[in-house]
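Student: The structure under discussion is supplied below as structure tokens; questions concerning it will follow.
The values are calculated or read from the model by the stated rules, or taken from the named source; none is laboratory data. This is a predicted model, so every value here is computed, not measured. Here the Cβ positions follow ideal geometry from the backbone for every residue, glycine too, while neighbour counts run over all protein chains shown.
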Amino acid sequence: MIEELATVVNANDDVFDVVSEVKSSCSGCQQVDNCGSGQIAKAFPTKKLSLTLKSDLPINQGDTVVLGIPEGCIVESAWQVYLYPLFGLIVFSALGQYWVNNHMLSHELYAVLFSGIGGYLGFLLAKKKQKTVQRVGKLTPKILRVVHQKIPIVTL
């Protein structure tokens, strides 16, 4: 389970608005002062992610909660999003090259175009898989538990 801390900014019955700071991965390294990525991370202000979630836990405004998403779901989604287009590109480019070699296509440019179509079809397949109701439900963060310390809420 991948976990993240968030602060409850609004509580209505079992519906809660939570805010979490998006952290840069470039803030904990010893070379942060000498690295270009670290300098860029310092230059931009921290971003906040706001979500509205449901929970049966006893939560009050100002509480810190732990949000979680199953790690397997994230890995599976990443696999689909990255590899489906790549597989489509490779399979269609091999098929296009086969057709060029057997003189079914008159020019190599058609094989390149065909491989692009394969990559795009892989992208569309991944997009369709990610938009299913099951997938969206699995990737929605859940409130796992309440951390019993209050963090002051700063409104901008």
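Student: Taking the conditions exactly as written (of a type in the set (Phe, Trp, Tyr) and surrounded by 14 or more Cβ atoms within 10 Å (Cβ to Cβ)), does TRP79 satisfy them or not?
Tutor: no
Student: Given the structure, is LEU86 at pLDDT 85 or above, assigned to a helix (DSSP H, G or I) and surrounded by 12 or more Cβ atoms within 10 Å (Cβ to Cβ)?
Tutor: In short, yes.
Student: What number of residues in the stretch 100-156 are at pLDDT below 80, of a type in the set (Val, Ile, Thr) and surrounded by 11 or more Cβ atoms within 10 Å (Cβ to Cβ)?
Tutor: 2
Student: Taking ILE74 as the residue in question, decide whether it is β-branched (Val, Ile, Thr), touching a residue at least 60 places away in the same chain (Cβ under 8 Å) and out of contact with any Leu (no Cβ under 9 Å at 6 or more places or on another chain).
Tutor: No, not satisfied.
Student: Before we move on, is GLY68 at pLDDT 75 or above, of a type in the set (Gly, Ala, Ser) and not in a helix (DSSP H, G or I)?
Tutor: yes
Student: Could you figure out which of (1) in the same structural domain as GLY62 (by TED's automatic domain parsing); (2) crowded, with 16+ Cβ neighbours inside 10 Å isn't true of PHE92?
Tutor: Looking at each condition in turn, PHE92 falls short on (1).
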